[in-house]
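Participant: This is the structure I want to talk about, given as C-alpha cells.
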Amino acid sequence: MEQKKVVVTNFTDPLCTWCWGLEPVFRKLETHFPSEIEFRYVMGGLVENIEEKWDPTNGIGHADIPRINQQIEAHWKDAERRHGMPVRGTSFTLFSREFPSTYPQNIAYKAAQMVDQKKADRFLRRMREASAAEYLMTSHPDVIDKLAADVCLDLKEFHKYLEDGSAEKAFRDDLKITRVFGVTGFPTCLVSYGDKQVLLRGYNDYDKFVKVIEMASDGKMKPVNKPRYDDEQMLNFIKDHGRLALAELKEAFDFPDAKSADAWVKKMEKEGRVKINPVGESYFIEPVTIPEVVGGHYCDTAAGQCV
C-alpha cells in the first residue's frame, strides 16, 4: 500500500511578504519530514489594482503609486526584521500606473504549471526573490520572461498558455477555490492527510505545522528529531533549491542561531564551495559548481541548462 504524504496547499501570491517569510518554515518541514511532505500552490491574487487597495493595518493605500511603493517598502522591511528573509533596502518600484496589479504574476505561474510543474514551483520562488530581494517590477512582461528563462521554462509553450487565455482561466479557477475555503488573507495553508484537512490562517511557525500534521495524521506522521546532515548533504540541499537564504539554512538544519549558521556558510565560502550574495540585512547562499565540459560546450547542472 502506497504511503500517504502530507500535502500543504499554500494559498498565496508571489508578492506576499509573509509568504516569503514562510519559506524557512517550508525548508524545515522538508528536512524534518523527508519524502513525506508535498507543497502545492493556489494563486490568491493579492492585488487586483494597487490604486484601489487599502490596508490600514500596514499603512498602505490612499496615496499615489510612488507613495504606495514607499509604504509597501516600509512594511516589507519591517517584516524582514521579523521573518529574516532578505528584502532589498531601497528603490522599491514594484507598481506603476501601467502595472498596478499582481494578477500578471499569478497568471504567469498558472501558465508555467501547464508547461512543467517542478519548474513552475521554481518560477514562483524566482518571482518571490525578484520582488523582495531585487525590487523588480515582476508584473512587467519582459521581467516575467526573464524569470521564466532563469528556471529554463520552454518560453514558446509558456507564451502559448499566456496568450490563449487558458492560464488566466486557471487563475480564475484558483480564485474560486480560494473563496470556497473562505481564504481572505495570505499566507493561508491547508494541511491535508488522506481525507483529513486543517486550515492554518496567516503566518504560522514550524511547531504549529507539526502539531497540525500530527493531528491530521492521527499521530502517524512525526518529524525527525534534529536530523543529522553532513556538509555534502547540506550543500546538495542548497544546490537542489538553487540558492537559499541564511534564515532557510538555519531552520532546515537546526542551527541554534543565525550566528552559528553564518559560521558554517563562511567556512564553506572559504573552501570555495559556496558564494554569498548580500541582500538587505541578510544574504543568499549560492552553490559553486564546476561545469561539465562536453564537446566544447558545457552543462551547468546548477542552472539546469547546456550552453
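The values are calculated or read from the model by the stated rules, or taken from the named source; none is laboratory data. Bear in mind that the values here come from a model prediction, so they are computed numbers and not experimental data. Here Cβ is always computed from backbone atoms with ideal geometry, including for glycine, and neighbour counts include all displayed protein chains. Ligands, DNA and RNA are excluded from the accessible area calculation, which covers all protein heavy atoms including side chains. Shrake-Rupley method; radii C 1.70, N 1.55, O 1.52, S 1.80 Å.
Participant: Within segment 96-106, take every residue that is open to solvent by 30 Å² or more (accessible area, probe 1.4 Å) and modelled with pLDDT of 95 or more and give me the one that is farthest from Phe171 (Cα to Cα).
Facilitator: So the first thing to find is which residues in segment 96-106 are open to solvent by 30 Å² or more (accessible area, probe 1.4 Å), and the list is 97-99, 103-104.
Pick out the ones that are also modelled with pLDDT of 95 or more and you get 98-99, 103-104.
Working: Glu98: 21, Phe99: 18, Tyr103: 9, Pro104: 10 Å.
Once the filter is applied, the top-ranked residue is Glu98.
Participant: Hey, another quick one. Out of all the residues in segment 162-185, which are open to solvent by 40 Å² or more (accessible area, probe 1.4 Å) and either more than 15 Å from Tyr103 (Cβ to Cβ) or not basic (Lys, Arg) (or both)?
Facilitator: Leu162, Glu163, Asp164, Glu168, Asp173, Ile177, Arg179, Val180, Phe181, Thr184
Participant: Could you tell me whether Arg125 is under 21 Å from the mean Cα position of the chain (by Cα), of a type outside the set (Ser, Thr, Tyr), closer than 28 Å to Asn58 by Cα and part of a helix (DSSP H, G or I)? Outline the logic, then answer.
Facilitator: Values: under 21 Å from the mean Cα position of the chain (by Cα): yes; of a type outside the set (Ser, Thr, Tyr): yes; closer than 28 Å to Asn58 by Cα: yes; part of a helix (DSSP H, G or I): yes.
Against the criterion (under 21 Å from the mean Cα position of the chain (by Cα), of a type outside the set (Ser, Thr, Tyr), closer than 28 Å to Asn58 by Cα and part of a helix (DSSP H, G or I)), Arg125 qualifies.
Participant: To continue, here is another question. Consider Ala111 against the criteria (1) over 17 Å from Leu15 (Cα atoms); (2) buried (at least 21 other Cβ atoms within 10 Å of the Cβ); (3) in contact with a strand residue (DSSP E or B) (Cβ under 6 Å, 6 or more places away or on another chain): it satisfies all of them except one. Which criterion is unmet?
Facilitator: (3)
Participant: Still on this structure, I have one more. Assess whether Asn277 counts as being part of a strand (DSSP E or B) and either in contact with a helix residue (DSSP H, G or I) (Cβ under 9 Å, 6 or more places away or on another chain) or modelled with pLDDT of 90 or more (or both).
Facilitator: Judged against the criteria, Asn277 is a match.
Participant: What's the number of the condition Pro86 fails, among (1) crowded, with 19+ Cβ neighbours inside 10 Å; (2) part of a strand (DSSP E or B)?
Facilitator: (2)
Participant: Can you spot a residue in segment 34-50 that is open to solvent by 40 Å² or more (accessible area, probe 1.4 Å), closer than 19 Å to Pro104 by Cα and touching an Asp or Glu at 6+ places or on another chain (Cβ under 8 Å)?
Facilitator: Among the residues of segment 34-50, at least one is open to solvent by 40 Å² or more (accessible area, probe 1.4 Å), closer than 19 Å to Pro104 by Cα and touching an Asp or Glu at 6+ places or on another chain (Cβ under 8 Å), which makes the answer yes.
Participant: Considering (1) at pLDDT 95 or above; (2) open to solvent by 20 Å² or more (accessible area, probe 1.4 Å); (3) of a type outside the set (Val, Ile, Thr), say which one Leu249 fails and leave the rest.
Facilitator: (2)
Participant: Answer with yes or no whether Lys118 is without any contact (Cβ under 8 Å) to a residue 12 or more places away in the chain, more than 23 Å from Lys176 (Cα to Cα) and not acidic (Asp, Glu).
Facilitator: Against the criterion (without any contact (Cβ under 8 Å) to a residue 12 or more places away in the chain, more than 23 Å from Lys176 (Cα to Cα) and not acidic (Asp, Glu)), Lys118 qualifies.
Participant: Might you let me know whether segment 194-209 holds any residue that is open to solvent by less than 40 Å² (accessible area, probe 1.4 Å), under 30 Å from Gly45 (Cβ atoms), in contact with a Lys or Arg (Cβ under 9 Å, 6 or more places away or on another chain) and assigned to a helix (DSSP H, G or I)?
Facilitator: Within segment 194-209 (the criterion being open to solvent by less than 40 Å² (accessible area, probe 1.4 Å), under 30 Å from Gly45 (Cβ atoms), in contact with a Lys or Arg (Cβ under 9 Å, 6 or more places away or on another chain) and assigned to a helix (DSSP H, G or I)), the answer is yes, since at least one residue qualifies.
Participant: Return the total of residues in segment 210-240 being crowded, with 20+ Cβ neighbours inside 10 Å and either under 26 Å from Asn277 (Cα atoms) or of a type in the set (Phe, Trp, Tyr) (or both).
Facilitator: Qualifying residue count, segment 210-240: 2.
Participant: Can you pull out every residue in segment 125-137 that is hydrophobic (A, V, I, L, M, F, W, C) and either buried (at least 24 other Cβ atoms within 10 Å of the Cβ) or out of contact with any helix residue (DSSP H, G or I) (no Cβ under 7 Å at 6 or more places or on another chain) (or both)?
Facilitator: Met127, Ala132, Ala133
Participant: OK, next. State all residues of segment 254-277 that are closer than 19 Å to Arg125 by Cβ and surrounded by 18 or more Cβ atoms within 10 Å (Cβ to Cβ); if no residue qualifies, say none.
Facilitator: Answer for segment 254-277, where residues must be closer than 19 Å to Arg125 by Cβ and surrounded by 18 or more Cβ atoms within 10 Å (Cβ to Cβ): just Val274.
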